[in-house]
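Asks: So that we are looking at the same thing, I have put the structure below in structure tokens.
The values are calculated or read from the model by the stated rules, or taken from the named source; none is laboratory data. Since this is a predicted model, take the numbers as computed values, not measurements. Please note: Cβ atoms are built from the backbone with ideal geometry, for glycine as well, and neighbour counts cover all protein chains shown. Note: accessible area is taken over every heavy atom of the protein model, side chains too, but ligands, DNA and RNA are not part of it. Shrake-Rupley method; radii C 1.70, N 1.55, O 1.52, S 1.80 Å.
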Amino acid sequence: MAEVQSYTGADIQVLEGLEPVRKRPGMYIGGTGKAGLHHLVWEIVDNAVDEATNGYATQIEVVLHKDGTTVTVSDNGRGIPIDKHPTKKVPALQVILTTLHAGGKFDGSSYVTSGGLHGVGSSVVNALSSELVAQVKRDGKLYEQRYARGVPVTKLKTVRSNVRGSGTAITFTPDPEIFDKTDLDAQTIKDNLEVKTYLNGALRIVFKDEATGERIEFHHEGGIVEYLDHLVAEASTRRVHPDPFVVRQSELEDGIRTELCMVWTEAPRESITSFVNGIPTRDGGTHEQGLKDGVTKAIRNYIETHDLAPRKLDITADDIREGLVAVVNLYHVDPQFQGQTKEKLNNPEVRSAVSGAFRTEFEQFLNGTPSTAESIVARVIQSAKARQASRAAANTVRRKSAVSHRLNLPGKLSDCSSTAPEESELFIVEGDSAGGSAKQGRDRKTQAILPLRGKVLNAEQATRSKVLANKELSNIVDALGCGLGEDLDVTKLRYHKVILLMDADADGLHIATLLLTFLYRYMRPLIDQGYVYIAQPPLFRVDALKETHWALDEADRDRIVRRIQKKNPRTQIEVQRFKGLGEMMPATLHETTLDPDKRRLLQVSIPEGSLLETERAITDLMGKDAAPRFDFIMAHAAEVEDLDV
Ligand code: 28G
């Protein structure tokens, strides 16, 4: 369909204009992995949602085509203007699609756009798409223009007349030259679209997946209050009072509006989900801070004026917010974002504006519904008491460790002789018999072994004091020596490699998941700073003539067998499957799994830009069912980097 075109000066400019985007895509969409790829969809969807938020569109459709990578987004808004630009002499549509930041964040009108990472707009998507087709319905006509890698391949043409209605449709195919993989994930897209409809109660978004024939419409008239219900249900916890506190669209200052709602639950932590102009701010920022300030002050004030706190109980801000589930959406004409992924709001004026406005309204709510206020205060006092108890426990631990670093080590630990964390490794091993093999097969100087015998507690579903009371987990904490939670001090970490060594079966994966959940919730810096690893013990031993090979899984075993058979089809091959680490000889365990020269370790990391996903994965999957936990650990094992130590 492409036709020969003569390029005008304006077209050349276009090329130059978008070149930086193709050269350094990460600067515009955060990366070229899965998150970056999906950013293209969010970018276009956000433009359509902006048109709805501004009151011009009511319906959006997103189609994922059969190839699994091409997407069409359409809205029934006004249609992107197509009139010729006065100086550039090309249609406005073309300017918008070929100029960086065209139609800027803020042009003086009341046209609120998303801003930040997302505000960079459709030109970025155009630049990073192998093909893009823009269609606009306006003034009874259907217009169309096609692009390849950001360069127009046709002029803007009228393709139909006498059409009804107005709107914009953008079809694009992410460029395989740019992205590692170009197939989009339908579930990720659906989740994102559904959240948009929670944030805009009037909006309807239809999603179609042409590969499966699925069609689903998202529409949540109840807005963020319905979203809050959904989040509470998802966290499988109970609210401690029936009605949430709700602020609907209150104007804080010129150009700053907010809507928020919140409820206290029995969940052992707080969960604030925040947005700016309908876009998630995963790292929070000044709007979240304002909410936290307001909550803390209002509750404190209420407790004081009604004299509700027991003597000798000090209540911290964390106690007040334990179990709080909140949704905040702030609209701002000129949002400033910071942080690596630009997902943290940085406008300083927002903090006091939110906390001030919010606090007054929240205090009225507390005074107006005393039974609710009572339930919230009871919840706060409960968490303050629990925290005080666990603090006392942690203090004894700390006092003990102050006496001697080594006195406090758990009895089951076979420590290494080195005291240099840089060269020391701790293997956390499932079961006593495997622990015994590991103890005999290790390098005593640098490798310590901690066998786990009893049950590992699910840290996701337990309070902090229960977690601290769990023997297996407290042994780990004592062995690592760096404390946990707010008191964690990474400089005290006794081993710079903390290696989980589990059987390669469902039970082993389950224990690894429980341990990772604990580390994630209570010792997160250890993961972030790359100290946590998963060992990869072999599942099969393959003997052929005088050679012995170790295979990590079935596929690995088959590869090895095929390779041997190719070399010599008549070789006798013997395959042995290990039932567990326990039955492996110490020398074998040494050779395959412990020896730094021969083993393979997986470094545990949290994929960039998917913190919320990780949070969700953990909260969703650490439920009661074993099967999804299995998926979780498998999915994450695939994401961790291969480290050939
Ligand atoms: C389908 C996929 C994504 C959009 C519009 C509508 C207008 C627009 C978009 O204007 C340029 C113009 C002056 C500031 C605005 C139409 C005013 C009058 C629009 C979309 C912005 C952008 N008539 N619909 N852009 N200026 N939908 N959907 O991208 O005011 S983008």
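Asks: (1) within 11 Å of the ligand (Cβ to nearest atom); (2) surrounded by fewer than 24 Cβ atoms within 10 Å (Cβ to Cβ): which one isn't true of Ala48, the others all being true?
Replies: (2)
Asks: Looking at Asp478, is it acidic (Asp, Glu), within 30 Å of Thr316 (Cα to Cα) and in contact with a Pro (Cβ under 8 Å, 6 or more places away or on another chain)? Walk me through how you get there before you give the answer.
Replies: On the way: acidic (Asp, Glu): yes; within 30 Å of Thr316 (Cα to Cα): yes; in contact with a Pro (Cβ under 8 Å, 6 or more places away or on another chain): yes.
Here the answer is yes, as Asp478 does meet what is asked.
Asks: Given the condition over 16 Å from Thr72 (Cα atoms) and either under 35 Å from the mean Cα position of the chain (by Cα) or modelled with pLDDT under 95 (or both), answer yes or no: does some residue in region 150-163 qualify?
Replies: Here is the first cut: in region 150-163, the ones over 16 Å from Thr72 (Cα atoms) are 150-163.
Within this subset, residues satisfying the condition of being either under 35 Å from the mean Cα position of the chain (by Cα) or modelled with pLDDT under 95 (or both) are 150-151.
Yes, some residue in region 150-163 is over 16 Å from Thr72 (Cα atoms) and either under 35 Å from the mean Cα position of the chain (by Cα) or modelled with pLDDT under 95 (or both).
One line per residue, one yes/no per condition, for (1) in a helix (DSSP H, G or I); (2) touching a residue at least 24 places away in the same chain (Cβ under 8 Å); (3) open to solvent by 40 Å² or more (accessible area, probe 1.4 Å):
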residue: Glu349; (1), (2), (3): yes, yes, yes
residue: Ser355; (1), (2), (3): yes, yes, no
residue: Phe362; (1), (2), (3): yes, yes, no
residue: Leu366; (1), (2), (3): yes, yes, no
residue: Glu374; (1), (2), (3): yes, no, yes
residue: Val377; (1), (2), (3): yes, yes, no
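Asks: Under the condition of being of a type in the set (Lys, Arg) and either modelled with pLDDT under 95 or touching a Ser or Thr at 6+ places or on another chain (Cβ under 6 Å) (or both), which residue from region 51-95 is nearest to the ligand (Cβ to nearest atom)? Give the derivation first.
Replies: Keep residues of region 51-95 that are of a type in the set (Lys, Arg), which gives 66, 78, 84, 88-89.
Filter once more, so that each one left must be either modelled with pLDDT under 95 or touching a Ser or Thr at 6+ places or on another chain (Cβ under 6 Å) (or both): 78, 84, 88-89.
Numbers: Arg78: 4, Lys84: 14, Lys88: 13, Lys89: 17 Å.
Among them, the one singled out is Arg78.
Asks: Just one of Thr286, Thr273, Thr296 is among the polar types (S, T, N, Q), at pLDDT 95 or above, crowded, with 20+ Cβ neighbours inside 10 Å and closer than 29 Å to Gln382 by Cβ; which is it? Show your work before the answer.
Replies: On the way: Thr286 fails: closer than 29 Å to Gln382 by Cβ; Thr296 fails: crowded, with 20+ Cβ neighbours inside 10 Å.
Going through Thr286, Thr273, Thr296 in turn, the sole match is Thr273.
Asks: Kindly list the number of the only condition in (1) under 26 Å from Gln382 (Cα atoms); (2) crowded, with 22+ Cβ neighbours inside 10 Å that fails for Gly483.
Replies: (2)
Asks: Considering only region 117-124, I want to know if a residue exists there that is farther than 30 Å from Gly26 by Cβ, within 13 Å of the ligand (Cβ to nearest atom) and among the polar types (S, T, N, Q). Spell out how you get there, then give the answer.
Replies: Let us first name the residues in region 117-124 that are farther than 30 Å from Gly26 by Cβ, namely none.
No: region 117-124 contains no residue that is farther than 30 Å from Gly26 by Cβ, within 13 Å of the ligand (Cβ to nearest atom) and among the polar types (S, T, N, Q).
Asks: For Gly30, are the conditions met, namely being under 29 Å from Leu203 (Cα atoms), more than 16 Å from the ligand (Cβ to nearest atom) and at pLDDT below 90? Full working, then the answer.
Replies: Details: under 29 Å from Leu203 (Cα atoms): yes; more than 16 Å from the ligand (Cβ to nearest atom): yes; at pLDDT below 90: yes.
So Gly30 passes the test.
Asks: Let me ask you something else. I'd like to verify a number: residues in region 438-459 that are open to solvent by less than 80 Å² (accessible area, probe 1.4 Å) and either of a type in the set (A, V, I, L, M) or under 23 Å from Thr513 (Cα atoms) (or both), how many?
Replies: So in region 438-459, the residues open to solvent by less than 80 Å² (accessible area, probe 1.4 Å) come out as 438, 441-443, 446-452, 454, 456-459.
Those left that are additionally either of a type in the set (A, V, I, L, M) or under 23 Å from Thr513 (Cα atoms) (or both): 438, 447-452, 454, 456-459.
So the answer is 12.
Asks: From (1) within 31 Å of the chain's Cα centre (by Cα); (2) assigned to a loop (DSSP other than H, G, I, E, B); (3) modelled with pLDDT of 95 or more; (4) within 10 Å of the ligand (Cβ to nearest atom), pick out the condition that doesn't hold for Thr113.
Replies: Result: Thr113 fails condition (3) only.
Asks: With Thr316, Thr305, Thr258 as the choices, which residue is of a type outside the set (Phe, Trp, Tyr) and touching a Leu at 6+ places or on another chain (Cβ under 9 Å)? Walk me through it before giving the result.
Replies: Values: Thr316 fails: touching a Leu at 6+ places or on another chain (Cβ under 9 Å); Thr305 fails: touching a Leu at 6+ places or on another chain (Cβ under 9 Å).
When all the criteria are applied, what remains is Thr258.
Asks: Could you please find all residues in region 460-480 being open to solvent by less than 30 Å² (accessible area, probe 1.4 Å) and outside any helix (DSSP H, G or I)?
Replies: At the first step, the residues of region 460-480 found to be open to solvent by less than 30 Å² (accessible area, probe 1.4 Å) are 460, 462, 467, 470, 472-477, 479-480.
Across region 460-480, the qualifying residues are Glu460, Ala462, Asn470.
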